[in-house]
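To start, the structure itself, in structure tokens.
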Amino acid sequence: MPTRLKLRFIKKADAAGLKRIITLYRAQGWWDRSDTPRKLARLIKGSQCFLLAERDGRLIGMGRAISDGVSDAYIQDVAVLKEERGSGAGSALIKALVKHLKASGIKWIGLIAQDNSHPFYARLGFSPLEQARPMLSKGSHV
């Protein structure tokens, strides 16, 4: 039986912490050769909140939100190591992010469900935004 999950919000990370987080980004295919630990440090600092999930001292998941800090927020970069999926870590991350954002007074919380993840988010209270379609600027990448 897995040990208890520890969730921790951060605003910065030391070199070892950045390396652990980069490992998660790489596992998701979200880390480009041009990305640097310094860029990740800026990303963490610039996020409304950045949440880590650890089990037995091992980083197994993360999630973050970007926001104006007043009305709207977007949850993104939610990741859980493959071997930990189904353990409740992903649900715990989303619930903690939503709780944190609502406690900050943010009432509109959205996300983009990629790779057929919409059933997971639907179980956590998210639904399609009718009359809306996610779009990217030309030249952007996912």
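Table for the structure above
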{"item": "The one condition in (1) closer than 17 Å to Ile94 by Cα; (2) surrounded by fewer than 17 Cβ atoms within 10 Å (Cβ to Cβ); (3) not small (Gly, Ala, Ser) that Asp32 fails to fulfil", "result": "(1)"}
{"item": "Scan of the range 65-104 for residues that are more than 16 Å from the chain's Cα centre (by Cα) and part of a loop (DSSP other than H, G, I, E, B), ordered by number", "result": "Asp68, Gly69, Val70, Ser71, Gly86, Ser87, Ser104"}
{"item": "Residues within the range 20-68 that are more than 15 Å from Phe9 (Cα to Cα), aliphatic (A, V, I, L, M) and in contact with a strand residue (DSSP E or B) (Cβ under 6 Å, 6 or more places away or on another chain), tallied", "result": "1"}
{"item": "Residues within the range 102-120 that are among the hydroxyl-bearing types (Ser, Thr, Tyr) and closer than 21 Å to Ser71 by Cα, tallied", "result": "1"}
{"item": "Ala13, sole failed condition from (1) more than 16 Å from Ile75 (Cβ to Cβ); (2) within 15 Å of the chain's Cα centre (by Cα); (3) outside any helix (DSSP H, G or I); (4) at pLDDT 95 or above", "result": "(2)"}
{"item": "Those residues of the range 16-34 which are closer than 13 Å to Asp77 by Cβ and touching a helix residue (DSSP H, G or I) at 6+ places or on another chain (Cβ under 9 Å), in sequence order", "result": "Ile21, Ile22, Tyr25, Ala27, Trp30, Trp31"}
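The values are calculated or read from the model by the stated rules, or taken from the named source; none is laboratory data. This structure is a prediction, so every number in the text was calculated from the model and none was measured. Here the Cβ is made from the backbone with ideal geometry for all residues, glycine too, and neighbour counts use every protein chain on show.
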